[in-house]
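The numbers here are math on the coordinates, done by the rules we state, and not lab data. Model, not experiment: these values are computed from the prediction. We place every Cβ from the backbone using ideal geometry, glycine too, and count neighbours over all the protein chains shown.
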Amino acid sequence: MKLLIFIAAGAGLLVGGCEKAADGVLPASSAKGRYAGIGHYAPGPLWAQVTRSAPKNAAAARLDDDEQIIVVLDTHSGEVRQCGNLSGHCISLNPWSRSLGADQQAPLPLAKHASELDAEAAEPVGR
């Protein structure tokens, strides 16, 4: 009987320690790291064509040695970086480094509105 109570109490502690929001979505990690992982992918043939200075050490990995590209977000600046796993070469994208043009700010100018497209679709064919 004591063993059954011990197992039930242990299971309760394990389940009680799980973090889960009411809507079923797990809360964001409380880690305060600067870089957040976005994902990774295999490099395409053009990755090795990126020009950069050759490493001083002949044994050092080159771009064509990379097997994976790791994509991370700098949570302080919003910059996105994609880096080779062996060469360490990184390319960055920071869309927040300059302001958006007038044609990229809401509300956007439209050639036709949704209601106009709906009206055109409802018109009989051949008219």
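Just a few scattered comments:
- Using a Förster distance of 30 Å, the FRET efficiency for Gln104-Ser53 (Cβ separation, nearest 0.05): 0.30
- Placing unit charges on the Cβ atoms only, positive for Lys and Arg and negative for Asp and Glu, gives the stretch 62-127 a dipole magnitude near 200 debye about its Cα centre.
- Residues Ser115, Ser77, Ser87 arranged by fewest to most Cβ contacts within 10 Å: Ser115, Ser77, Ser87
- In plain terms, if you count all Cα to Cα distances in the stretch 51-94 and split them into 10 Å steps from zero, the share in each step is 28, 46, 23, 3 percent.
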